[in-house]
Structures are given as C-alpha cells and as structure tokens.
1. At pLDDT 90 or above, surrounded by 14 or more Cβ atoms within 10 Å (Cβ to Cβ) and part of a strand (DSSP E or B), is that true of THR296?
2. Where residues in region 370-388 are at pLDDT 95 or above, not hydroxyl-bearing (Ser, Thr, Tyr) and not in a strand (DSSP E or B), which of them is farthest from ARG305 (Cα to Cα)?
3. Do we have any residue at all in region 327-340 that's more than 22 Å from the chain's Cα centre (by Cα), modelled with pLDDT under 95, in a loop (DSSP other than H, G, I, E, B) and among the basic types (Lys, Arg)?
4. If you check ILE58 against the conditions, is it modelled with pLDDT under 65 and of a type in the set (Val, Ile, Thr)?
5. Picking from LEU385, LEU363, LEU408, LEU374, which residue would you name as being surrounded by 21 or more Cβ atoms within 10 Å (Cβ to Cβ), under 16 Å from VAL46 (Cβ atoms) and out of contact with any strand residue (DSSP E or B) (no Cβ under 7 Å at 6 or more places or on another chain)?
6. So is ASP440 over 27 Å from TYR359 (Cβ atoms) and free of Cβ contacts under 8 Å to residues at least 12 places away in the same chain or not?
7. Hey, does region 129-138 have a residue that's crowded, with 23+ Cβ neighbours inside 10 Å, in contact with an Asp or Glu (Cβ under 9 Å, 6 or more places away or on another chain) and closer than 20 Å to ALA404 by Cα?
Amino acid sequence: MMIFKQAIPRRAFLRGVGATLALPLLDAMVPAFASVKDNAALKPPVRLGIVYVPCGAIMEMWTPTAEGTSFEMTPTLAPLAKYRDQMLVLSELTQVEGRRIATDPGGDHARAGGTFLTGVHPFQTEGTGSPRAGVSVDQLAARELGKHTPLASLEVALESSELLGACDQGWSCSYTNTISWRTPTTPMPMEYNPRAVFRRLFGDGNITDPVARRAQFAEDRSILDAMSAAVSRFQKVLGPSDRHKLAEYLDATRDVERRIQVVEERTDRELPSLQPPTGVPDNMEDRAKLMFDLQTLAYQTDMTRVITFMMAREGSYRYYPEIGVHDGHHQLTHHRGNPGKIEKVIKINQFHARLFAYYMEKLRSTPDGDGTLLDHSMIMYGSGLGDGNTHSFENLPILLMGGASGQLKGGRHVRYPRDKEVKLTNLFLTMLDIVGAPADKLGDSNGKLEHLSV
C-alpha cells in the first residue's frame, strides 16, 4: 500500500462529458500517518445481499446430514463447494407468519413472497385492495447504511413483473413480484432490465423519460468513452498498485457495457412469426451473470451496500431449456412423489446454485481493502418455502455466505431445534446487528439467532 500525504476522498468520482463514474477503494484514499481511529473509519463496510429463489427446494438433496464442520456438500449445494469455508448452512428455520390462516383463500406463494423478509402475514386483497405486509429487513438496513451511499438500496430481478403467468387468486401480484418492502404499504419494484440498472448506478439519474433516455444512449453509448480524458489524467497521479486496481475495475465496467449492448441488440431484432410459446424462452444464465456483475460493481464502488435480487418471482412458471427442463418450475414442484418431476426440480435447484456460485466467485475475486468483497459481505441465499410440494413454511433452505468482516464463521452446518420453531426473523435481527443497523423487532421476531460467529 502506498502512503499519500493528501488522500483522495473515499467518496470520489471521475467526471467526463455528461457522465460520472464512482471509483472503487484505492490505496490513495488512505491518508498518510492517519490515526488508528481514522483508518478504522476507512475500513470497507459490510455489504448486505439477499438472493431469492422461488418454490422451495427438494430438501433431501439440500440439507446435509452431519452438523458442524464435518457436513458434506449435498447434491444441490455441490456447486458452492469452493466457497465452503465462507458458507453457513442454517437448517430448521421457520417463517411462522407465512402459514395459512382460516380467512386466507389459498395464497401460499403470495404469503411466501410477502412474508419472507418481513415476518408479517400479508393482507389478503381479494384482487382489489391495496397490498400490505411489513417493512423488510433489507429496507431496515438501508435506512442506516443508505446514509453513506448514493443509493440506499438496489432491487433487481430476472423476471419482469409484466410476465405474470398467474398470481395467487385473491392476492395482489405485489406479493409474488417483490420481497422488498420500504413501508408496510410500499412494495419496492424489482428492476429486471440490465441497462436500466446500469444507468441507475452510473448514468444520469435525472433523465427518466424513455424517449430522452434512448436519445442519450444513441449519442453516448459508453460511459467510459465519455470520460476517457478524465481517466487518463487521473491515472497519472496514481501509484502502480492503484493503476492496476483501476484498470481491472474499468475493464469490468467496459465488459458489462458491452454485454448490455449485445442484449439490447438481440432484444430489438425483428423475429419471424412463430407459435406463441408456453413460457418465456430467454437465456437466463447470461442475464443472471450480467446482473451479478452489476451487483458486484455496485458494491465495489460503494454505490449501495444493500441489494435484493430475485432469481425468479415466487410461484414462477419459468422453464429451463438451458438444462433440458421444458416444464414450468411451479408445476414441477407439485410432483406428488413422481420421480421424473423430482429429478427436474433437483436440476433447477442445482442450476440456481451454480449461478449463485458465479456471484460468489465475482465477489471473492474482487479486491476490497485488506481482503475481498466476499470477505466483507454477508449474502443470504434462500427461499420462502421449504418443501415446494407441500408448501411448507418450516425448514426453509437458507445459506449465509461471506465473512462479514470477520463476524461470520463459515464452514459449518447449524441445525436449530425443530420443536422450538426458531423464527427466520430472528436471523434477520442478528444480520442487522452485523451490518451496523440494529433493531429491536422485525415482524414476529422473538430474539436473535445464535451460533453464527462461534
């Protein structure tokens, strides 16, 4: 690390012609001879991420039989084996408020989504009333962590809210299209367009008119092109280590831009007349990787410290031709013991885990202060249902990944007592403590979860 007498501010930007780009943490942002207290303030923050997968899992293929550090990597978790040392498998957590009550007309998927991060039983809308749940854990964290970043939080998804297929009858589609709630009556929309996410992070946030935005894209296809002169001048004042870090960051930004443009070009192509498909046949893997790259850039530049990501909407009817599954995910989870359907659900669960592993590698390979982004992050991966066949709200599939700056001890499987119905919301209270946004209560919580750090 090079020592500078006058440090570059931590919140630093490159400014070009009509564009602004946030900078990652560089050595030059550490002041010369700073006190221990000053340096502590410059330590990388703990980032909070939520990655949601729908419709539960085949739990026999997910849950390790052994507990503690000797647990085995089950078939569904196998794609994450490289990150075992920063993995906490948490079994037997329950979302009590997701369960059906006497006045509910079905709605298991609506409750799974609406309750997942809130711990509040959603209001049944009969299709016309306004949705109501509770404040979600990500938004509680954003209230505090957002004081230090341009964006308080980021909510992204792989499926458009317009691709509904079907919502649970009598329930607002808000409950299945998002898991993030800013207030009990304000669901946060999930952005599925990578270009829109990129512009929100790095573009001109004042331009919202679609026609004006398209005109700007045509005039200035690349943020990096618009600031090439600024980048060149800035590189001259940096040491070798910082020049290397900046080059890697700019390369990553350029790659994201390039792939967004490819996606846009394919989207705009005129297609021949075809029979309407029964699902939405897009390339989920490419879209997922692009979204994970954007999330990595958002953390790396400290644009936000809180991200919620839905791999698919709850109750999704998406099918997966990428892995040879041509039946809808939701339908398959109602397998009633059919071996062929169970095998297809396992393939979907493994596919999701493999995409998530790509994200873990991106975080682990991105330097951040004295470690990596994965070292300084806490990413929860899981679903609002346990067994999708029975719509169980017990024994949810939940992982915690990352080091949280030394506050999580990975490489373990922790099984909580089933008879005590340990609540998922207790985990959330502990997570809020870890990221520095403590709360006394969230939904139906009745304490804090133990055994995450010891």
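1. Values: at pLDDT 90 or above: yes; surrounded by 14 or more Cβ atoms within 10 Å (Cβ to Cβ): yes; part of a strand (DSSP E or B): no.
When the stated conditions are applied, THR296 does not pass them.
2. Here the residue is GLY386.
3. Yes; the residues of region 327-340 include at least one that is more than 22 Å from the chain's Cα centre (by Cα), modelled with pLDDT under 95, in a loop (DSSP other than H, G, I, E, B) and among the basic types (Lys, Arg).
4. Working: modelled with pLDDT under 65: no; of a type in the set (Val, Ile, Thr): yes.
Taking the combined requirement at face value, the residue does not satisfy it.
5. Values: LEU385 fails: under 16 Å from VAL46 (Cβ atoms); LEU363 fails: out of contact with any strand residue (DSSP E or B) (no Cβ under 7 Å at 6 or more places or on another chain); LEU408 fails: out of contact with any strand residue (DSSP E or B) (no Cβ under 7 Å at 6 or more places or on another chain).
After applying the criteria, what remains is LEU374.
6. yes
7. yes
Residues checked against (1) of a type outside the set (D, E, K, R); (2) surrounded by 20 or more Cβ atoms within 10 Å (Cβ to Cβ); (3) touching a Leu at 6+ places or on another chain (Cβ under 9 Å):
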site: LEU93; (1), (2), (3): yes, yes, yes
site: THR118; (1), (2), (3): yes, yes, yes
site: PRO122; (1), (2), (3): yes, yes, no
site: ALA152; (1), (2), (3): yes, no, yes
site: SER161; (1), (2), (3): yes, no, no
site: CYS167; (1), (2), (3): yes, yes, no
site: SER174; (1), (2), (3): yes, yes, no
site: PRO194; (1), (2), (3): yes, yes, yes
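The values are calculated or read from the model by the stated rules, or taken from the named source; none is laboratory data. All figures in this text were calculated on a predicted structure; none of them were measured in a lab. Counting neighbours? That spans all protein chains shown, and the Cβs are built from the backbone with ideal geometry, glycine included.
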